[in-house]
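Presented below is the structure to which this report refers.
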Amino acid sequence: MERENSIEVHNLTKDYKKGRGIFDFNFEVKKGEVFGLIGTNGSGKTTTIRHMMGFIHGDSGKVNINGLDAWKDSAKIKQYIGYVPGQIDFPDVGTGTDFLKIQSELLGLRDMSYMNDLIDRFKIDITAPLRRMSKGMKQKMALVAAFMSDADIYILDEPSTGLDPLMRDTLIQLILEKKAQGKTVFMSSHIFKEVEDTCDTVMFIRNGHIVNLVRRSQFENDPHEAFTVTFASDNDYKRYLEYDHYMLKDVPLNELIVNKNQKNKQITLNLPMSQINEFLKDLSEYSIAGFSNEAFSLEKYYTTIVEKMEV
Amino acid sequence: MLSLPLFKQTTKANGVLWSVLTVVSAALLAQFAALEMTQSLLFLIFYGVMAMILPGVYIMVSSNKLFASQIDRGSLAYVLSTPKKRSTIAFTQLLFSVGSITLLFLILTLVHIGVNAHSPLDLTVAGAAAGVYGISGNLTAAIILKINLSALLVCLAMSGVCYMFSGIFNLSKFSIGFGGAFVGISVLSNMMAMFGSLGVDVLENFKYLSICTLYDYKSILLGTDDWITKGIAALIVAVVSYTIGTVTFCKKDLPL
């Protein structure tokens, strides 16, 4: 039977006291999806990942990886997992070549062609001594070590740390390739951009609590797109505000508007992508002096929707 | 049970220190045993003090690297992200420790037997210098073997204790702090006790602070069996502490 979920977290709590830790986490990562975990520093991202890797043991609750208990079968689950740790210090073995050689032996890897392919893509000089590598170079080594294994599930703890924008794109590309191959990717990040480009589901956590879990489909339908309209005349400005708009009938216009400015004859409102046509049709009845649209972003989503929900 | 790649990795990480200390120990031993000027001090200085200090340094530093320092730095995450059981990892590290220390003493034994075959040592003088009287004849290969075995057992006990601290603590500073204090106090007390045996009686009480007391080359020179009982005691310390270290490492939370 094909399993539906690659990772299942049930009632997981790990209390480090003084409000630190993670509390009653429940979520699933479906097979073949890219799952993003977003949170500020100290919100519990790494703690969550450590449970998945079987490095630590929850006070209560459990984590299943492909149906196996992550703590009890921590060695077995590793055959399914490629892992990028949050800390990037390597074993004391000399050069990058030595490290990758030992790592591939530990993984029982025979075919090195994909590894060499990855080394080319990330442009790493693996003959350099590990100790002298820069942060970004070390991160790229860690990425190669994780992706060279033929895993089903990739668990990445802040994988883009220290990468330049070009390499970050390479990473995003790689994640999308893995997704296309039907692999599951779980990644943590505090950078919205990379999660936005890759993830099907994003979970926001804060101070050890799950704040919200957003599916991409849902996120695309929520009003989060900000449009700013400048009207040509005071008359049009007033008329627009008074008009009974047929779009979004169940939501009053006042709730969509985030900013009004009579002096500049300007209105800013948040709309879901799906309503843009209606919105523009409406606007065609007015004389418009300016129109702008803020970029579609999860960050925006987080600040306008998620944080509002918290209050 | 054993992971060969990890064994290689641990060997790479500790190889330089091991080689340096082995070469230095072997060279010192060869010099003490070969030169007429130093021959009489062979037991007092080399087997009495050096045979504990030099391996002690190796044990202190390498044990910390087995677990604690790798957990502290996070590098153990790479080994643990492969399908290797924690017990396999612990067993591999244990085997490396026992193996490397045994090899060190094996080399010392062979070097000494070789040098001794060339210029046999008169036990009367060398014994007297170390405070062992009433023995005569030449040093034999059997005695050399026994002395090194006795020293090896005590070093394994020290290694066990350091391994245990490395397995218990997640921070290098605690592992090296406790392990280093244990080895340091043992080795230094052993030295103080040596001065005690030279005539400053009060200092002899220092032997009670040192696990090196279980290493008894004097009993071997005198032909008594004390060293065997003490050796077994050292072995028990080693087995118990290796076990505690392994079990703790396998069960604890790892901040990786």
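Rule-based calculations on the coordinates, nothing more; no lab input. Quick caveat: nothing in here was measured; it's all calculated off a predicted structure. So basically every Cβ, Gly included, is an ideal-geometry build from the backbone, and we count neighbours across all protein chains shown.
Observations on the model:
- Neighbour net charge for A:TYR16 - beta-carbon separation under 12 angstrom, K R +1, D E -1: +2
- For B:LEU254, the residues whose amide H sits under 5 Å from its own are A:ILE56, ignoring neighbours fewer than 5 places away on the same chain, with H placed 1.01 Å from N.
- Neighbour cut-off at most 14 other Cβ (10 Å), DSSP loop, trypsin sites (Lys or Arg not before Pro), region A:38-126: A:LYS72, A:ARG110, A:LYS123
- Karplus-based coupling profile of region A:203-215, in residue order and whole Hz: 10, 9, 10, 8, 6, x, 10, 6, 8, 6, 10, 10, 8, with θ = phi - 60° in 6.51 cos²θ - 1.76 cosθ + 1.60 and x standing for Gly or Pro.
- If the Kirkwood radius is taken over C-alpha pairs of chain B, then at 20 °C and 1.002 mPa s the Stokes-Einstein diffusion coefficient equals 113 µm²/s.
- Entry note, chain B: relative contact order of 26 percent, from Cα contacts under 8 Å with a spacing of 6+ residues.
- Rounded to whole Hz, the Karplus (6.51, -1.76, 1.60) HN-Hα couplings of region B:199-209, x for glycine and proline: x, 8, 4, 4, 5, 4, 4, 4, 4, 6, 8
- The mean count of C-beta atoms from other chains within 10 Å of the C-beta of residues in A:74-83, rounded to a whole number, is 4.
- Near A:VAL211, the amide H atoms lying under 5 Å from its own belong to A:PHE204, A:ILE205, A:ARG206; only residues 5 or more places off or on other chains count, and H is placed 1.01 Å from N.
- Once each of the GluC sites (Glu not before Pro) sitting in a DSSP loop with at most 14 other beta-carbon atoms within 10 Å is removed, chain A keeps A:5-284 as its longest stretch.
- Summary value for chain A: 20 percent relative contact order, contacts being C-alpha pairs under 8 angstrom separated by 6+ residues.
- J(HN,Hα) series, region B:64-76, from Karplus relation 6.51 cos²θ - 1.76 cosθ + 1.60, nearest Hz, glycine and proline x: 4, 6, 5, 10, 3, 5, 6, 6, 4, 7, x, 6, 5
- Amide H contacts of A:ALA232 (H built 1.01 Å from N, under 5 Å, at least 5 apart or other chain): A:SER287, A:ILE288, A:ALA289
- Reachable lysines, given that their alpha-carbon falls under 25 Å from the alpha-carbon of A:LYS30 and they are not under 8 places away in the same chain: A:LYS14, A:LYS45, A:LYS62, A:LYS72, A:LYS76, A:LYS78, A:LYS178, A:LYS179, A:LYS183, A:LYS193
- Mean-position separation - Cα centroids, region B:214-234 and region B:142-173, in angstrom: 17 Å
- Alpha carbon centroid spacing (whole Å) that separates region A:48-96 from region A:15-38: 14 Å
- Taking 20 Å as the straight-line reach from the Cα of B:LYS207, the lysines in range (excluding those fewer than 8 positions away in the same chain) are B:LYS218, B:LYS230.
- Unit charges on C-beta of K, R, D, E only; dipole of region B:94-225, Debye: 300 debye
- Assuming charge only on the beta carbon of Lys and Arg (+1) and of Asp and Glu (-1), the dipole of the protein assembly as shown about its Cα centre is about 1040 debye to the nearest 20.
- Look at the alpha carbon pairs under 8 Å that are at least 6 residues apart: their mean separation over the length of region B:1-137 gives a relative contact order of 42 percent.
- With the highest mean first, a sort of the peptides B:164-170, B:186-192 on other beta-carbon atoms found within 10 angstrom per residue produces B:164-170, B:186-192.
- Summed residue charge, Cβ within 10 Å of A:ASP89's Cβ, Lys/Arg positive, Asp/Glu negative: +1
- Chain B - mean residue ellipticity at 222 nm from DSSP helices (-39,500 (n - 2.57) per run, n ≥ 4, rounded to 500): -24500 deg cm²/dmol
- In chain A, the C-alpha radius of gyration followed by the widest Cα-Cα span (Dmax) gives 23.6, 75 angstrom.
- Neighbour net charge for B:ILE168 - beta-carbon separation under 12 angstrom, K R +1, D E -1: +2
- Two numbers describe the Cα atoms of the protein assembly as shown: Rg and Dmax, which are 33.5, 121 Å.
- Partner shielding of A:55-62 amounts to 3, given as the average count of beta-carbon atoms from other chains within 10 Å of each residue beta-carbon.
- A straight Cα-to-Cα reach below 16 Å connects A:LYS31 with the aspartates and glutamates A:GLU2, A:GLU4, A:GLU8, A:ASP150, A:ASP152, A:GLU177, A:ASP200, residues fewer than 8 places away in its own chain not being considered.
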